[in-house]
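Pasting in a structure now, in structure tokens, and then I'll have a few things to ask.
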Amino acid sequence: MSGGTLNWRIDEREGARIAAPAGRVDESTATAFTERLIGEAGAARTMLVLDLSGIAYMSSRGLRALTLAQREATRSGSTIVLARPNETMREILAISRYDMIFKVADTIEDALAG
């Protein structure tokens, strides 16, 4: 990551799209994160697994991106599962109560199992 960008790794497994961004979701990266995440949510056929293991921090703008991506996923008939959050991300998801909105899985395999 450099210059306010996130690196993304995309994979397909068991019919699900797995998106793994890496870096910080903050003021300098939030717009690009939002656009890419909404695109990935729209491209997922049944499920988008968002692998959070590479996300060191997420601001409120990143959380807003999750909400917008969830709307897109619903429109396209898929679901979003958050996977492998580190301790910082677990705390952010808990404080914002996003762990009540999204399924949060400890592993990619757990996310794929539904």
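Read the figures in this text as sums done on the coordinates, not as results from a lab. No experiment lies behind these values; they were computed from the predicted model shown. Ideal geometry is used to build each Cβ from the backbone, glycine not excepted, and the neighbour counts take in all protein chains shown.
Within segment 1-34, can you find the residues that are surrounded by fewer than 19 Cβ atoms within 10 Å (Cβ to Cβ) and under 25 Å from ARG75 (Cα atoms)?
Of everything in segment 1-34, those that are surrounded by fewer than 19 Cβ atoms within 10 Å (Cβ to Cβ) and under 25 Å from ARG75 (Cα atoms) turn out to be TRP8, ARG9, ILE10, ASP11, GLU12, ARG13, GLU14, GLY15, THR31, ALA32.
What about ILE95, is it among the β-branched types (Val, Ile, Thr) and either buried (at least 16 other Cβ atoms within 10 Å of the Cβ) or in contact (Cβ under 8 Å) with a residue 12 or more places away in the chain (or both)?
When the stated conditions are applied, ILE95 does not pass them.
Looking at segment 13-55, which of the residues that are among the hydrophobic types (A, V, I, L, M, F, W, C) and more than 12 Å from the chain's Cα centre (by Cα) is nearest to LYS103 (Cα to Cα)?
ALA16
Shifting gears a bit: What tally of residues in segment 71-82 results from selecting those that are surrounded by fewer than 17 Cβ atoms within 10 Å (Cβ to Cβ) and over 16 Å from GLY15 (Cβ atoms)?
In the first step, residues of segment 71-82 are kept if they are surrounded by fewer than 17 Cβ atoms within 10 Å (Cβ to Cβ); the result is 71, 74-77.
Going one step further and asking which of them are over 16 Å from GLY15 (Cβ atoms), we end up with 71, 74-75.
Residues meeting the conditions: 3.
Looking only at residues in segment 35-70 that are in a helix (DSSP H, G or I) and β-branched (Val, Ile, Thr), which one is surrounded by the most Cβ atoms within 10 Å (Cβ to Cβ)?
The residue in question is ILE38.
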